[in-house]
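Student: Shown below is the structure under consideration.
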Amino acid sequence: MLKIVILGCGGSSGVPLLGGADHRGAWGACDPGEPRNRRTRSSIVVQAPDGTTLLVDAGPDLRAQLLAAGVGRVDAVLLTHAHADHVTGLDELRMINRIMGRALPLYATEETLGEVTRRFDYAFRGVTPGFFRPALEPFPVRPGGTVEIAGFPVRLFRQDHRVMDTLGLRIGRFGYSTDVVEMPEPGFEALAGVRDWIIGCFQRAPHPVHADLAKAVAWSRRIGAERTVLTHMGPDLDWAWMRQNLPAGVEAGYDGMMLEVT
Ligand SMILES: [Zn+2]
Ligand SMILES: [Zn+2]
């Protein structure tokens with residue numbers, strides 16, 4: 001049994017967006033009175049029974065997310081891609097370095113590692129006394145195989161995000177697919193038989209780089225997932241609306257949501 005915690009389930013600008021009539025947030029179709037509509041940038045942790053923890057993506061809300069979820073241990077980090085909403089929290093891992101007392105292994109494709117080593121070059125220069133810089137150790141991975149990360153057997157597959165590829169992942173009968181607008185066939189093959197699936201779905205209407213609601217539901221049916229949880233949601237997707245309108249087996253995620261998976 002593994003524990004998955006959705007640290008954040010918002011789109012690239014979170015919900016609410018900055019702005020709004022009073023500059024206290026643009027909520028779109030979301031009810032500001034519903035706490036589950038307040039969404040930070042998308043990220044999860046996967047936790048084994050012994051506490052071993054894999055962090056998937058490190059967005060700009062990472063510090064507050066780890067505090068809110070009570071996560072003080074990270075054994076490895078996996079990045080799905082190098083968009084800002086998935087990587088700009090890498091600096092926050094400096095405190096995790098201190099807690100763990102070592103550099104953190106960072107798994108991503110060569111392309112993603114190239115981007116983050118350019119943007120966060122100081123994080124890849126080894127361990128400093130007291131970790132005054134984050135210390136990350138890059139491990140390149142490729143879609144199409146299974147790689148052991150912090151003891152978790154992680155099957156990786158390529159997803160089409162239009163502007164770049166992203167990594168989808170499967171651990172046992174759990175799958176995580178964010179930032180995807182078309183799923184290539186090997187992705188469906190990798191996800192076949194997944195019981196719990198978290199899928200990025202930005203809005204109701206079609207979107208150029210993200211799956212929309214109809215697409216996410218159709219993919220879920222094709223995979224045969226028992227439980228599908230939406231993430232990476234924008235301000236178009238109101239929690240109460242989704243509770244009333246999503247088909248059986250499909251539900252909206254929320255920040256702090258916990259799933260037990262096998
Ligand atoms: Zn994103
Ligand atoms: Zn993206």
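Student: Examine the stretch 249-257 for a residue that is modelled with pLDDT of 95 or more, more than 21 Å from Arg36 (Cα to Cα) and surrounded by 22 or more Cβ atoms within 10 Å (Cβ to Cβ), and state whether such a residue exists.
Tutor: no
Student: Next up: Looking at the stretch 72-87, I want the residues that are under 14 Å from Glu111 (Cα atoms) and surrounded by fewer than 21 Cβ atoms within 10 Å (Cβ to Cβ) and have a partner that is acidic (Asp, Glu) and at pLDDT 95 or above with Cβ atoms under 8 Å, at least 6 apart or on another chain. Which pairs are those?
Tutor: Note: pairs meeting the criteria are Ala82/Glu111; Ala82/Glu115.
Student: Within the stretch 89-115, which residues are within 17 Å of Ser43 (Cα to Cα) and among the β-branched types (Val, Ile, Thr)?
Tutor: Ile96, Thr112
Student: Taking the condition more than 23 Å from Cys9 (Cβ to Cβ), buried (at least 17 other Cβ atoms within 10 Å of the Cβ) and more than 16 Å from ligand 1 (Cβ to nearest atom), does Arg94 pass? Before the answer, list the steps.
Tutor: Numbers: more than 23 Å from Cys9 (Cβ to Cβ): yes; buried (at least 17 other Cβ atoms within 10 Å of the Cβ): yes; more than 16 Å from ligand 1 (Cβ to nearest atom): yes.
When the stated conditions are applied, Arg94 passes them.
Student: Checking the condition closer than 25 Å to Val250 by Cβ, in contact (Cβ under 8 Å) with a residue 24 or more places away in the chain and of a type in the set (A, V, I, L, M, F, W, C), which residue from Val147, Val194 passes?
Tutor: Selected residue: Val194, the only one of Val147, Val194 that is closer than 25 Å to Val250 by Cβ, in contact (Cβ under 8 Å) with a residue 24 or more places away in the chain and of a type in the set (A, V, I, L, M, F, W, C).
Student: If you check Arg204, Arg173, Arg142, Arg119, which single one turns out to be within 20 Å of Val56 (Cα to Cα) and more than 19 Å from the chain's Cα centre (by Cα)?
Tutor: Testing whether each residue is within 20 Å of Val56 (Cα to Cα) and more than 19 Å from the chain's Cα centre (by Cα) leaves just Arg119.
Student: Looking only at the stretch 21-39, decide whether some residue is crowded, with 22+ Cβ neighbours inside 10 Å, within 16 Å of Glu260 (Cβ to Cβ) and at pLDDT 95 or above.
Tutor: no
Student: Scan the stretch 126-133 and tell me whether some residue there is in contact with a helix residue (DSSP H, G or I) (Cβ under 9 Å, 6 or more places away or on another chain), in contact (Cβ under 8 Å) with a residue 24 or more places away in the chain and either within 16 Å of ligand 2 (Cβ to nearest atom) or in a helix (DSSP H, G or I) (or both).
Tutor: Checking the stretch 126-133: at least one residue is in contact with a helix residue (DSSP H, G or I) (Cβ under 9 Å, 6 or more places away or on another chain), in contact (Cβ under 8 Å) with a residue 24 or more places away in the chain and either within 16 Å of ligand 2 (Cβ to nearest atom) or in a helix (DSSP H, G or I) (or both).
Student: Show the residue pairs meeting these rules: Cβ distance below 8 Å; 6+ apart or different chains; first residue within the stretch 3-28 and over 25 Å from Val56 (Cα atoms) and touching a residue at least 60 places away in the same chain (Cβ under 8 Å); second residue in a loop (DSSP other than H, G, I, E, B) and within 16 Å of ligand 1 (Cβ to nearest atom).
Tutor: Ala26/Pro235; Trp27/Pro235; Gly28/Gly234; Gly28/Pro235; Gly28/Asp236
Student: Say we look at the stretch 1-51 and pick out the residues that are basic (Lys, Arg) and in contact with a helix residue (DSSP H, G or I) (Cβ under 8 Å, 6 or more places away or on another chain); which of these is farthest from His81 (Cα to Cα)?
Tutor: Arg36
The values are calculated or read from the model by the stated rules, or taken from the named source; none is laboratory data. Just so it is clear, the model here is predicted, and its values are computed rather than measured. Neighbour counts are summed over all protein chains in view; Cβ atoms, including those assigned to glycine, are modelled from backbone coordinates with ideal geometry.
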